[in-house]
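Colleague: For reference, the structure I am asking about is given below.
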Amino acid sequence: MIYWDASALVSLCIEGPETAELRRLLGGGVVTWAVSRVEIASAIERRNREGRLDSGARLRAITALGELCDAWTEIQSVAPVCERASRLLAIHPLREADAMQLGAALVAVSDRPRGHGFVCTDRRLREAASREGFRGLPEA
């Protein structure tokens, strides 16, 4: 199983320097938390408001998000994710949303992260996932 953080999924919706490398990781499917859709939509709209996306690029990003959502597997459990996220905040320097993503990944693998990938473009979150036992992707 390969878990995808919203930061990596944004890069699949909006072309960037890491997009090609991340697309190569898609063969294993996408597992993510149910809130990732909102995090990605927020990133798209923020870039649009800031003038970093024109209307065509925004539409392509929204379309790509819809296609990803149709194909991915969502972790929808809230209480178990919150429980794990609270523990993670006590031992890793994470923001709350990042702790929730990592908590969802732990739920997805029944707290057995060894042998599973965690795709993320945020260095701090990828390091925390690696310390928890996931294989951080893309590999640095």
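The values are calculated or read from the model by the stated rules, or taken from the named source; none is laboratory data. Model, not experiment: these values are computed from the prediction. Glycine also receives a Cβ, built like all others from the backbone with ideal geometry; neighbour counts cover every protein chain displayed.
Colleague: Could you check how many residues of segment 82-106 are closer than 15 Å to Phe134 by Cα and under 14 Å from the mean Cα position of the chain (by Cα)?
Modeller: Adding up the residues that qualify gives 8.
Colleague: Return the only residue of Arg84, Arg60 being surrounded by 17 or more Cβ atoms within 10 Å (Cβ to Cβ), in a helix (DSSP H, G or I) and among the basic types (Lys, Arg).
Modeller: The unique qualifying residue is Arg84.
Colleague: Provide a single number: the residues in segment 111-140 that are within 13 Å of the chain's Cα centre (by Cα), assigned to a loop (DSSP other than H, G, I, E, B) and surrounded by fewer than 22 Cβ atoms within 10 Å (Cβ to Cβ).
Modeller: Qualifying residue count, segment 111-140: 3.
Colleague: Further, regarding this structure: Assess whether Gly27 counts as being exposed (fewer than 14 other Cβ atoms within 10 Å of the Cβ), in a loop (DSSP other than H, G, I, E, B) and of a type outside the set (Phe, Trp, Tyr).
Modeller: no
Colleague: If Ser77 satisfies every condition in (1) in contact with a helix residue (DSSP H, G or I) (Cβ under 8 Å, 6 or more places away or on another chain); (2) of a type in the set (Ser, Thr, Tyr); (3) modelled with pLDDT of 95 or more but one, which is the exception?
Modeller: (3)
Colleague: Tell me which of these Glu39 doesn't satisfy, since it passes every other one: (1) under 14 Å from Cys69 (Cα atoms); (2) in contact with a strand residue (DSSP E or B) (Cβ under 8 Å, 6 or more places away or on another chain); (3) surrounded by fewer than 21 Cβ atoms within 10 Å (Cβ to Cβ).
Modeller: So the condition that Glu39 fails would be (2).
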